[in-house]
Amino acid sequence: EQDNVQLFHTTVSGNVAGNEGGGIYDDAWVNLANSTVSNNVAGAEGGGMLVDDYAAIENSTFSGNTAGGTFECVLANTDSCKQTVKSVSGTCASLYLGATSCSENNGLGGGIMSDSEYPELIGTTVSKNLAASISGSTTNCAGGKGGGIFSEWTLSAIGGTAITGNTADCGGGIYNDSDSHDDDTYTLALSDSTISTNTALE
């Protein structure tokens, strides 16, 4: 039996995850259509969404999401979590489970992180997302990877998909990690799509 999550005409915005999947963590099949995933933060991977299974994403937008950076949890009268790029407020228990000090991670997939799985983007916009690099990790691709998308296996971007204005240390638009599956066959399929105005810091 396969679980299936369907999000249609839905906005996922302003969420924070201490580690993975700031807006959405896909551990089953996900269908996302005519929806917006924006301004979410993940401590390490998948600022907007982490794909750990199949995801069909159609006519949707991923924008302003951030993966990685420095998280600091303040355990005082006003509990809050602060991040190098964005600041959010709330209790430490709700925003960053178990946090009592700073956590630093180079980001993977500011908009979308595909963890060896199969996302398919159709007519979707991935823009102005960030895979953050922590201080001192901005050379030799040691910092953030995949400002728009970090893919460890198979990725399809078709039907007018636009990947624009994203930022990372390496792979401003897309970082395809070809070393993850040396013995397997993986495909990065692009058709009728645009990759432009992305920035790689190195």
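For the reader, a short list of remarks on this structure follows.
- Residue count for region 1-45 satisfying the condition of being within 20 Å of Leu121 (Cα to Cα) and either open to solvent by less than 30 Å² (accessible area, probe 1.4 Å) or hydroxyl-bearing (Ser, Thr, Tyr) (or both): 19.
- Residues located in region 146-188, provided they are modelled with pLDDT under 90 and among the small types (Gly, Ala, Ser): Ser178, Ser180
- The selection criterion, being at pLDDT 75 or above and either touching a Pro at 6+ places or on another chain (Cβ under 8 Å) or open to solvent by 50 Å² or more (accessible area, probe 1.4 Å) (or both), holds for Glu120.
- Residue pairs whose Cβ atoms lie under 7 Å apart, separated by 6 or more positions or on different chains, with the first residue in region 157-177 and touching a residue at least 12 places away in the same chain (Cβ under 8 Å) and of a type in the set (Ser, Thr, Tyr) and the second surrounded by 24 or more Cβ atoms within 10 Å (Cβ to Cβ) and assigned to a strand (DSSP E or B), are Thr161/Leu121; Thr167/Leu130; Tyr175/Lys145; Tyr175/Phe150; Tyr175/Ala168.
- Conditions (1) open to solvent by 10 Å² or more (accessible area, probe 1.4 Å); (2) among the aromatic types (Phe, Trp, Tyr); (3) within 14 Å of Ala132 (Cα to Cα): number failed by Phe71: (1)
- Hits in region 37-71 (condition: free of Cβ contacts under 8 Å to residues at least 40 places away in the same chain and part of a loop (DSSP other than H, G, I, E, B)): Asn40
The values are calculated or read from the model by the stated rules, or taken from the named source; none is laboratory data. The shown structure was predicted, so the numbers you read here are calculated from the model rather than taken from an experiment. Here Cβ is always computed from backbone atoms with ideal geometry, including for glycine, and neighbour counts include all displayed protein chains. Just so you know, the surface numbers come from the protein's heavy atoms only, side chains and all, with ligands and any DNA or RNA stripped out. Shrake-Rupley method; radii C 1.70, N 1.55, O 1.52, S 1.80 Å.
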